[in-house]
Amino acid sequence: MICTLCGRRKARRACPALGRDICAVCCGTKRLVEIRCPDTCVHLASARQHPPAIEQRRQARDAGVLIPVLRDLTRGQQELLFMLFGLMLQQDLQDPLQPLRDDDVAEAAAALAATYETAARGVIYEHRPQSLPAQRVMTAVRGALDEIAQKVGRGLSDVDAPRSLRALERAARSSAAVLGDERPTAFVELAGRVIAPLARASEEDSRKADLADPGPGLIIPGA
């Protein structure tokens, strides 16, 4: 039997998500990317317990970027930093003709952190990044932080926001050297690798919440 995904290789693995057999290559490369693998999948469980050596090396390099910048942050500041990762990636998807570079991220984070730090000293002055992608990121991040401040009833500009933004700046500036990757998007791609499992976990939590509280329009048999 030929794999129905690639149409070339032999289908040797039963995929519980698709309900049919697929090849090992498609299983390994499309897992959790194009295929919504359930936690009961034996191939997913095996991959999590024994990731390939190349994946282990990449995870170690990613950790070499993240651990130094996370070490001095509080739990709340770390969560804010990961939220900044997500906002940054959203902006990267908006203009495929002008992709976001690590320098843009660092510039946007530095400008907004400086704006908050200046305001904490009693001086209102908006520092602006030079590149258009950096300006786009800064505008989106500031809007999100202002929205959070409205919800919690206090500003984040005194300590949390500047520290998280400076951490984002350091990560963006150090990624190429730590990863051994001179491409201008090394950190942007690292952020995508970090955010992807967090986004899947959030989506799964939302799905479970919907099942637990289906609302008045859904009748559960036996309830």
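Couple of notes before you dig in:
- The value of relative contact order for region 1-107, using C-alpha pairs under 8 Å at least six residues apart, is 12 percent.
- Amide H to amide H distances under 5 Å link Arg20 with Cys15, where only residues 5 or more positions off or on other chains count and H is placed in the peptide plane.
- Amide H partners (placed H, <5 Å) of Arg9, local residues excluded: Cys3
- Among 111-122, 7-18, the peptide with the highest mean count of other Cβ atoms within 10 Å heads the list, and the full ranking is 111-122, 7-18.
- Put simply, when 36-46, 98-108 are sorted by average Cβ atoms within 10 angstrom per residue, most first, you get 98-108, 36-46.
Any read-out appearing in this document is the output of simple, stated calculations on the displayed coordinates, not a laboratory observation. On a predicted model such as this, the values are computed, not experimentally measured, just so you know. Positions of Cβ are backbone-derived with ideal geometry, glycine not excepted, and every protein chain shown enters the neighbour counts.
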